[in-house]
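Nothing in this text is a laboratory measurement; each read-out follows from the coordinates by a stated rule. Only a predicted model underlies this, so the values are computations on that prediction, with no experimental measurement involved. No Cβ is skipped: glycine too gets one built from the backbone with ideal geometry, and neighbour counts run over all protein chains shown.
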Amino acid sequence: MQMNLTLSFFPEDSVLAFASGERNLYTALKNEEDLSGYVIHTAYENLDLIPSSALMSSIEYEFFKRQQGERVLAGLLEVLRQKGEYDYILMDAPPTLGSWVTNILCASDYVILPVEASPWGLFGVANMFEFLEDRKRLAPDLALLGMVITKVDARKNYGRQTMEVLKEFEEVRVFDTIIRVDSEIEWAQDNSRPVMAYKKSARSAGEYLELAKEVEKYVRGSRQH
């Protein structure tokens with residue numbers, strides 16, 4: 001509902017126009033319409049998105065009114081998936097455990113769980129594992145691809161401590177790539193650009209590129225099996 005991802009690709013006036021108009025995710029979900037008509041091309045080759053809206057704050061109620069409300073997104077995505085235009089469809093989920101996140105999980109093949117390297121970063125991990133396990137009755141093929149440690153500050157010990165704690169979850173992969181604190185990310189967001197487009201030489205740009213390679217490797221490996 002904060003529209004952060006949309007703001008990372010478009011200037012504020014464009015984002016507000018998307019949000020107040022008809023071509024946004026909330027409208028598609030409320031009207032249960034094929035998502036293909038809501039896709040917006042970004043300025044970057046092979047990268048599209050569906051804009052968000054502040055009205056997503058009320059989407060839980062919309063799902064509550066529907067039978068099988070937890071599968072609305074999965075149904076609307078199916079046409080888009082069958083067209084085969086995209087190698088990957090990424091869904092940025094909020095840090096909540098409600099019916100919107102359930103919709104995202106039911107429409108997904110894999111989950112990547114970001115864990116912030118901070119005193120509070122590990123607080124909700126156990127709850128998230130329980131939530132994911134419970135949702136597997138709705139999406140039995142859903143797989144946790146792994147956990148990625150983010151916002152690591154080399155001046156503090158939280159990064160190492162977070163890694164040590166996460167390694168105790170023996171059955172869950174922890175990505176080798178970590179994402180460290182980098183002011184270039186904030187500057188890129190302020191300029192409505194991805195960090196790789198804003199400053200390709202930034203440390204965080206290289207880290208996200210390595211993370212993407214890791215994700216692709218594990219996804220391809222799981223598909224081969």
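Between Ala93, Ala188, Ala212, the Gaussian network model of the chain with springs among Cα atoms under 10 angstrom shows the greatest mean-square fluctuation at Ala212. For the chain, modelled as a GNM with alpha-carbon contacts under 10 angstrom, which of Ala19, Ala126, Ala74 fluctuates the most? Most flexible of the set in this elastic network: Ala126. For the chain, lysine pairs with C-alpha atoms less than 20 angstrom apart, excluding pairs fewer than eight positions apart on the same chain, total 8. When its C-alpha radius of gyration is set against 2.2 N^0.38 Å (N residues), segment 109-225 gives a value of 1.15. Between Ser118, Leu80, Ala28, the Cα set farthest toward the positive side of the dipole of the chain (charges on each charged residue's Cβ, about the Cα centre) is that of Ser118.
All C-alpha to C-alpha distances of the chain, sorted into 5 Å bins beginning at zero, yield P(r) values of 1, 6, 12, 16, 19, 19, 15, 9, 3, 0, 0 percent in whole numbers.
Here segment 109-225 is treated with +1 on each Lys and Arg Cβ and -1 on each Asp and Glu Cβ, and its dipole about the Cα centre works out to around 340 debye. Legend: Rg and Dmax of segment 1-105, from Cα coordinates, 13.3, 38 Å. Taking the Cα centre of segment 1-67 as origin and assigning +1 to Lys and Arg Cβ atoms and -1 to Asp and Glu Cβ atoms, the resulting dipole is close to 220 debye. Each of Ser183, Leu132, Val152 was placed along the dipole of segment 109-225 (beta-carbon charges, centred on the mean Cα), and the one lying farthest toward the positive end is Ser183. Taking each DSSP H run with n ≥ 4 as -39500 (n - 2.57) and averaging over every residue of the chain yields -12500 deg cm²/dmol at 222 nm.
Using only side-chain charges placed at the Cβ, +1 for Lys and Arg and -1 for Asp and Glu, the dipole size of the chain relative to its Cα centre rounds to 280 debye.
Once you mark the chymotrypsin sites (Phe, Trp or Tyr not before Pro) that are in a DSSP loop and have at most 13 other Cβ atoms within 10 Å, what is the longest gap between them in the chain? Intermediate results must be reported in sequence, preceding the final value.
Working: sites that count: Tyr44, Tyr86, Tyr88, Trp120, Phe123.
It runs 124-225.
Counted residue by residue at 0.36 nm each, then reduced by the alpha carbon distance between them, the extension gain from Leu47 to Tyr61 reaches 2.0 nm. The label point for Ser183 and the one for Glu133, both projected 7 Å from the Cα toward the Cβ, are 4.4 nm apart.
Normalised by residue count, segment 59-159 yields a Cα convex hull volume of 118 Å³ per residue.
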